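Structure, as structure tokens:
The values are calculated or read from the model by the stated rules, or taken from the named source; none is laboratory data. Everything quoted here is computed from the prediction, not taken from an experiment. Note: ideal-geometry Cβ built from the backbone for every residue, glycine included; neighbour counts use all protein chains shown. SASA here: full protein model, heavy atoms, side chains in, ligands and nucleic acids out. Shrake-Rupley method; radii C 1.70, N 1.55, O 1.52, S 1.80 Å.
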Amino acid sequence: MDRRGAHMSTTASERVRHKPDEGDRELLNQLQAGLAFVRSPFAEIGSRIGMDEEEVLRRLTVLKRAEIVRQLSAIFDTRALGYESSLVAARYPEDRLFEAADIVGGHPGVSHNYRRTHAFNLWYTLAVEPDSRFGLEESMQRLHEASGAESTRLLPTLKLYKINVQLDMTGTRSIEAKEETPKPPPTRGDGVAPTDSDKAMIAVLQRDLPLEPNPFDTWAAEAGVTPDELLDACQVFVDRNYMRRFAAVLNHRKAGFGANGMAVWQVPEEDLEEIGPKMAAFQAVSHCYKRPTYPDWPYSIFTMVHARSTEACEDAIEAIAEDTGLTDPSRRAILYSTYEFKKIRLMYFTPDYREWEDLAQAGAPLPRWRR
């Protein structure tokens, strides 16, 4: 198995250096908001901002080659599809960290894997498929042992207050801005398990969309369905909460957002239901969760803030502290991402999960992620 996955479509010789101009930034904001389920999505998105289809495709080609846009595909809800998932924090000696990260990253359900500024210095997301023979906790334990972690903590979502990763590329939004009408957190599916035909369609929609005038037509032909059937499936998946939207995912640093701060907070249990939604209302916050605590990890609320500088990130976090009354700096911590070991779009319903579990069960060396 190629552990780099199907996400690395731009070769080194194709990469370019590019600084987005005003038109690029407007386009990037629209691409993050989502494509319409129409046969000519690039013409439609251009109509929102006064660009023709040819210009949208030209700009997007450059943004992809510059690796500012990582991928343009369906954003599925892991839990709604029946997968178990969790954030995981692990602690390693610094001289073992990179080797350990490659072992952890070799699991197909690890989509994000970062070094952060804390004694728990490796943070990753882990997902296992619905019929996993190990389950989430045992999979984590096997990674813990194989990678030689000193300590590993499973930090699943106990309550989701917000998930909405959309970077403000135009810079018109104040770092302290709040949602005028905060959106409710997304629901986690309607309890209907994906059918085999659903899974076949998901396998198509999770790929990187071709940059051509009628890209869904190409996918429909490959899937043996009509374009309308493919687009109807997209809407059904949104209605069932399998899919949040079909949108671009950006490379935060290449897009100019060099500070990635995970602010974690000690919040009394009785205040969580008031504080969580207040924090989620800040537009600078892309993720807001309640997670479990441990004797060596007392923080119950996690807020993710992306900003163009550490100073801007800390300004946003300070505004959250003032708004919620959690101004005691000893009761919060900010963990900055300092190295990206792995960041991919999670691939669903592939044989990779079973192959990894076969190796783990046999006691064979586990695959490693190739950075």
Take the Cα of D358, step 7 Å along the line toward its Cβ, and report every residue of the range 100-135 whose backbone nitrogen sits under 17 Å from that point. 107-109, 129, 131-134
Over the range 260-371, what per residue volume does the convex hull of the Cα atoms give, in whole Å³? 171
Rolling a 1.4 Å sphere over the protein heavy atoms, what is the accessible area per residue of the range 254-371, to the nearest Å²? 43
Looking at the calculated P(r) for the chain, what percent of the C-alpha pair distances fall above 33 Å? 31
Using a 1.4 Å probe and ignoring any ligands, DNA or RNA, find the accessible area of F76 and quote it in Å² to the nearest 10. 10
For E84, enumerate residues with amide H under 5 Å from its amide H, sequence gap 5+ or separate chain, H modeled in the peptide plane. V128
In terms of modelled amide H atoms, which long-range or inter-chain residues lie less than 5 Å from the amide H of V110? A127
Distant alpha-carbon pairs in the range 4-150 (separation over 22 angstrom), percent: 57
Sequence order, the range 205-215: Karplus ³J(HN,Hα) from phi using 6.51 cos²θ - 1.76 cosθ + 1.60, θ = phi - 60°, Hz rounded, Gly and Pro as x, gives 6, 7, 7, 7, 5, x, 8, 8, x, 10, x
Comparing G148, G106, G224, which has the greatest mean-square fluctuation in the GNM of the chain with Cα pairs linked when under 10 Å apart? G224
Extension gain, R368 back to R253 (0.36 nm per residue minus Cα-Cα distance, nm): 39.0 nm
Once you have the Cα-Cα distance between T61 and E22, take 0.36 nm times their residue separation minus that, and quote the gain in nm to one decimal. 12.4 nm
Tell me what the chain gives for mean residue ellipticity at 222 nm when only DSSP H runs of n ≥ 4 count, each as -39,500 (n - 2.57), the sum divided by the residue total, rounded to 500 deg cm²/dmol. -10000 deg cm²/dmol
Under Karplus coefficients 6.51, -1.76 and 1.60, residue-wise ³J(HN,Hα) of the range 333-341 in Hz, glycine/proline x: 9, 10, 9, 9, 6, 10, 7, 9, 7
Kindly report, to the nearest 10 Å², the accessible surface of D315 as traced by a 1.4 Å probe over protein heavy atoms only. 90
Scaled radius of gyration (Cα, divided by 2.2 N^0.38 Å) that the range 66-157 gives: 1.13
For K178, other-chain or 5+-apart residues with amide H closer than 5 Å (H placed, Pro excluded) are Q283
Under the rule rounded for a/c under 1.5, else prolate if a/b exceeds b/c, else oblate, using alpha carbon gyration tensor axes a ≥ b ≥ c, the range 235-326 is classed as oblate
Apply the Karplus parameterisation 6.51 cos²θ - 1.76 cosθ + 1.60, with θ equal to phi minus 60°, to every residue of the range 43-55 and state each ³J(HN,Hα) to the nearest whole Hz, in sequence, with x for glycine and proline. 5, 5, 5, x, 5, 6, 10, x, 10, 7, 4, 4, 5
If the reach is capped at under 12 angstrom between alpha carbons, list the aspartates and glutamates near K178, excluding any in the same chain fewer than eight residues apart. D323
The answer for the net charge of residues other than L272 whose Cβ lies under 10 angstrom from its Cβ, with Lys and Arg +1 and Asp and Glu -1, is -3
